Structure formats: C-alpha cells, structure tokens
Amino acid sequence: MSEFLLKPRICFGQDALSVLDELTACHVLLVTDQAMVKFGLAERVTQRLCARGIDWQVWDDVVADPDIATVVRGMKLMDSCYPDLVIALGGGSVIDAAKAVIFALAQTRPEAGRERPCFVAIPTTSGTGSEVTSFSVVKAHAEKLVLVDSSLLPDIAILDPSLVASVPPAITADTGMDVLCHALEAYVSLAASDFSDALAEKVVQQVFSYLPGCWRNGQDLQAREKMHNASCMAGMAFTNASLLGITHSLAHALGGVFRVPHGRANALLMAHVVAWNADYHGQCDTLAARKYARLAHLLDLPASTPREGVTSLLVAIQTLKDEMNMPRGINDTGVNAADFDQRLAEMVAQALRDSCTPTNPREPDARALTELYRQAWSGNIAQCH
Ligand code: NAD
C-alpha cells in the first residue's frame with residue numbers, strides 16, 4: 001500500500017497572515033531569527049497577537065543550519081514557558097529548529113504530560129518547503145542529520161509572498177534552486193507516485209517561469225507568490241515521495257563540512273546527479289532519463305528522445321544558474337582545494353548513509369559519489385559510470 005498524506009492546512013496569498021487572527025491561544029512562543037526582527041517581519045506577527053491581548057515570547061537567536069546546541073537552547077526555553085501555540089517565522093533553518101524542539105521535548109519529557117502545542121509555520125524563504133514536510137535537518141558537529149517523523153508536520157502553513165520580498169538576490173537564487181532540486185528528486189525518487197509527480201511537474205514549470213523574475217526584482221509579488229507556492233508544492237511532493245535523492249545527500253555533507261548554504265550546494269551538484277541518474281554517458285535510457293525528458297517536454301524544450309530531453313534539461317539548469325550569476329563549481333565558492341581533498345572521503349561516507357540516498361533511482365557506491373563531488377568541484381559534467 002502507498003499513501004499520500006495531506007497536512008497541514010495551507011493558507012496562501014497576500015493576506016494569508018490574517019489567519020492568525022482566528023487562532024485561540026493563551027501563550028505563544030514565536031521562534032525566529034535576527035533577520036526577521038531586523039526586517040520588521042517578526043513585528044507583523046507580534047502586532048496581531050498584541051491586538052488580541054495574547055501573551056507572547058520571542059526566541060530569536062536561531063542560527064542558519066541549526067545544530068544540537070540550538071535545539072537544546074530552544075528546549076530549555078520552551079520547557080520553562082510551555083506555550084499552547086508555537087509560531088515558526090523564518091527560512092527552513094527556523095522552521096526546522098522549531099520542529100526539532102517540539103519533537104525533542106515531547107520525547108524527553110513525557111512525564112510532563114503536556115499537550116503538543118498547535119504549530120504554525122510561516123516560511124520567509126521560498127526554498128525548503130519545510131512548512132509541509134515531516135522532516136527536520138539538524139547539524140551534529142559537521143554532519144547534517146535528517147529527523148523523519150510525521151509528528152514534525154506543522155498544523156498550519158501560512159504562505160504570504162510579502163514576507164519573502166526582502167530576501168536578497170543571492171539567497172533567492174540559492175533557495176529557488178533548492179525548490180527545483182526538490183521537484184527533480186521527488187520526480188525520479190523510487191517512491192514517486194502519480195500524486196507527487198503531478199506536483200513536481202507543476203513546480204518545475206513555475207521555477208523556470210518565475211525564479212529569474214524574483215531574482216531580478218524581489219518586489220515582484222506576483223513572481224514571489226508563484227515561487228512561494230512552488231516551494232510548498234515541492235515540499236508536498238518530496239515529503240510524500242519520501243525522501244529525495246543523492247543531490248541532497250551530497251549537499252547535506254558539503255553543507256555540514258564546508259558550510260555551503262543548502263540551496264547553493266544543491267545547485268552545484270544537481271546537474272551532475274541528473275546526468276548520472278540518466279546514464280547520460282551510457283545508454284541514456286533509464287526510467288529517470290525518460291522522466292527528465294518528460295520534464296524537458298513540459299518546458300517546451302527539444303525532447304524527441306530521452307538523450308535529447310536530458311540534454312535540454314541540463315542546458316536549461318545551467319542557463320538558469322548563469323542567469324542568476326551562480327557559481328559553476330564548488331571551486332568557485334571559497335572552499336580551499338586542499339581542504340576539499342582532505343575531507344572528501346568523510347563527505348562521501350556521510351552521503352552514503354544519508355536518509356535521502358535509499359530512494360535515489362540509481363544506487364550509488366563510494367566511487368560514484370567521489371566522482372560526482374570531483375565533477376561538481378570543477379563544474380564540468382564529465383563521464384561517470
Ligand atoms: P535559511 O533558513 O538558513 O535562511 C538563509 C538566510 O536567509 C538566513 O540568514 C535568514 O536569516 C535569511 N532570511 C530568511 N528569510 C528572509 C527574508 N524574508 N528576508 C531576508 N533574509 C531572510 O535558509 P533556507 O534555505 O530557507 O533553509 C535551509 C535549511 O533548511 C538547511 O538547514 C536545510 O538543510 C534545511 N532543509 C530542511 C528541509 C525540510 O524538509 N525540513 C528541506 C530542505 C532543507
């Protein structure tokens with residue numbers, strides 16, 4: 001039996017934040033970060049709570065790629081002021097931190113017998129789709145671990161495109177490529193279904209149509225709304241095609257060891273993995289190759305054969321990255337060559353045991369992953385069997 005889970009309730013559009021006025025709560029914990037405070041986004045939430053006389057407290061020092069120490073800090077705070085409503089306002093890092101705190105507190109303090117608080121996720125990047133996934137990524141030393149549990153799913157996701165307008169171009173590019181990567185990996189995942197495929201196809205079309213516009217003009221709320229919805233749909237696709245593929249496995253390790261932002265790491269690795277999954281330098285007739293070709297066809301690109309379709313998709317990915325001035329290779333991101341070589345085997349070992357690896361359409365070994373990292377280092381798509 002297969003399953004497609006529809007949760008949470010999704011409120012979207014330019015006035016979506018107003019759903020907060022419907023919620024009843026006595027004490028709210030707002031989980032967020034310094035950027036949300038600086039850009040006045042946290043205040044847009046707290047003003048609504050104040051207007052209704054709801055007591056609230058802010059935890060605003062979540063760091064990017066939250067680690068165990070961050071989660072422990074959040075657990076202590078939440079344990080001391082146990083809220084009946086948790087609102088996570090921020091990018092994937094903030095939402096993942098809130099998820100991990102709620103989950104870990106329920107696991108470690110069952111004797112407290114407290115009800116799980118209502119959990120509202122408000123993404124401020126169009127990237128991870130964390131607001132609709134049953135995953136949370138937490139760093140332990142230099143390794144990113146993926147927590148997987150359906151209780152991590154928020155109760156309500158609020159998609160308000162005006163909250164994304166302040167995202168700077170480089171982060172818009174990184175997070176937007178993360179959306180594309182979620183759709184591509186969900187589409188060829190071993191656990192893909194008609195349901196996840198339908199979402200992934202729509203996402204790929206919206207990313208190619210609207211991401212460049214968001215990058216050029218962050219205030220274009222129409223383009224922002226399309227990308228925000230695409231991010232959420234990609235999250236719905238991959239949480240149900242559980243999980244992703246080796247672009248994410250390799251990106252988790254690269255991000256954990258060298259602090260390359262998550263979306264950028266995916267952007268650096270994605271085309272190499274597409275070529276490898278498609279067996280581009282061999283027969284190029286795998287199921288993944290045919291599915292990539294179908295995506296190229298949906299993008300109105302030449303795709304009369306799997307090979308032509310995969311070529312079109314690879315060119316389209318590179319063109320999209322170039323349009324947003326993204327780095328072509330890891331060697332262009334400030335990572336030192338000697339350090340990269342020295343940590344390569346460690347990253348490969350992490351990627352092999354990553355939870356995203358088992359659903360990749362082609363089973364990798366250490367040699368293949370090493371070669372993919374080497375290709376991504378230079379940015380050249382070369383032969384890899
Ligand atoms: P992020 O949350 O780390 O944010 C990146 C930067 O953008 C931060 O400095 C943040 O302060 C800033 N920012 C966020 N919103 C902004 C806004 N509106 N205006 C200005 N600046 C803003 O980045 P992300 O890509 O959203 O999340 C990445 C994290 O999510 C990684 O740790 C990744 O592993 C994880 N992730 C989780 C899932 C999941 O399903 N749970 C899926 C993919 C990735």
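The values are calculated or read from the model by the stated rules, or taken from the named source; none is laboratory data. Here the structure is a predicted model, which means the values were calculated and not measured. Because the Cβ atoms are built from the backbone with ideal geometry, glycine has one as well, and the counts that use them run over all protein chains shown. Only protein heavy atoms, including side chains, enter the accessible area calculation; ligands, DNA and RNA are left aside. Shrake-Rupley method; radii C 1.70, N 1.55, O 1.52, S 1.80 Å.
Charging the Cβ of each Asp and Glu at -1 and of each Lys and Arg at +1, and nothing else, the dipole of the stretch 186-226 about its Cα centre rounds to 220 debye.
Here the translational diffusion coefficient of the stretch 322-365 follows from Stokes-Einstein with Rh set to the Kirkwood radius across Cα pairs; for 4 °C and 1.567 mPa s it amounts to 102 µm²/s.
Seen from all directions on average, the stretch 6-80 presents a Cα convex hull projection of 6.5 nm².
Highest mean packing comes first when the peptides 316-328, 114-126 are listed by Cβ atoms within 10 Å, giving 114-126, 316-328.
For the chain, the solvent-accessible area of protein heavy atoms averages 40 Å² per residue (probe radius 1.4 Å; ligands and nucleic acids excluded). Largest GNM mean-square fluctuation across Arg353, Arg374, Arg294, computed for the chain with C-alpha springs under 10 Å, falls on Arg353. Within the straight-line cut-off of under 19 Å between alpha carbons, the aspartates and glutamates reachable from Lys202 are Glu131, Asp178, Glu185, Asp194, Glu225, Asp300, sequence neighbours fewer than 8 places apart in one chain being disregarded. Using the rule -39500 (n - 2.57) for each DSSP H run of four or more residues, divided by the residues of the chain, the 222 nm mean residue ellipticity is -17000 deg cm²/dmol. Computed over the alpha carbons of the stretch 111-214, Rg followed by Dmax gives 15.7, 51 Å.
Charges were assigned to the Cβ only: +1 to each Lys and Arg, -1 to each Asp and Glu. The resulting dipole of the stretch 253-385 about its Cα centre is roughly 160 debye.
Within the stretch 279-378, the percentage of alpha carbon pairs spaced more than 24 angstrom apart rounds to 38%.
Given a 1.4 Å probe and the protein chains as shown, Leu190 ends up with an accessible area of around 120 Å². When the Gaussian network model of the chain links Cα atoms closer than 10 Å, the mean-square fluctuations of Met233, Met75, Met347 top out at Met75.
Taking one quarter of the surface of the convex hull spanned by the alpha-carbon atoms of the stretch 167-280 gives a direction-averaged projected area of 6.9 nm². Between Thr239, Pro327, Val257, the Cα set farthest toward the positive side of the dipole of the stretch 233-364 (charges on each charged residue's Cβ, about the Cα centre) is that of Thr239. What's the Cα-based Rg to Rh of the stretch 41-89, Rh via Kirkwood? Computed over Cα atoms, the ratio is 1.00.
Normalised by 2.2 N^0.38 Å, where N is the number of residues, the C-alpha radius of gyration of the stretch 20-150 stands at 0.99.
Overall, the anisotropy analysis places the stretch 143-191 in the oblate class: the square-rooted eigenvalues a ≥ b ≥ c of its C-alpha gyration tensor yield a/c not less than 1.5, with a/b not exceeding b/c.
Once backbone amide H atoms are built at 1.01 Å from N, Lys144 has Gly256 as its partners under 5 Å, excluding neighbours fewer than 5 places away on the same chain.
Under 1.5 on a/c is rounded, so check that first for the stretch 265-330, then, if it is not, pick prolate when a/b is larger than b/c and oblate when it is not; a ≥ b ≥ c are the square roots of the alpha carbon gyration tensor eigenvalues. Taking the square roots of the gyration eigenvalues as a ≥ b ≥ c, the stretch 265-330 is oblate.
Once the Kirkwood radius over Cα pairs is known for the chain, the Stokes-Einstein relation at 4 °C and 1.567 mPa s delivers a diffusion coefficient of 62 µm²/s. Bridges between two residues of the chain, per DSSP, are antiparallel at a rate of about 20%. In this simple spin-label approximation, Ala366 and Asp332 carry label points 7 Å from Cα along the Cα→Cβ vector, and these lie 3.1 nm apart.
Within the same chain, lysines fewer than 8 places from Lys139 are excluded, and of the rest, those with a Cα less than 21 Å from its Cα are Lys76, Lys99.
Sorted largest first by accessible area at a 1.4 angstrom probe radius, with every protein chain in place, the residues Val72, Val86 fall in the order Val72, Val86.
In terms of its C-alpha gyration tensor, the stretch 216-333 comes out rounded, because the ratio a/c of the largest to the smallest axis stays below 1.5.
Between Glu115 and Cys81, what is the FRET efficiency for a Förster distance of 22 Å, r being their Cβ-Cβ separation, to the nearest 0.05? Using R0 = 22 Å, I get an efficiency of 0.90.
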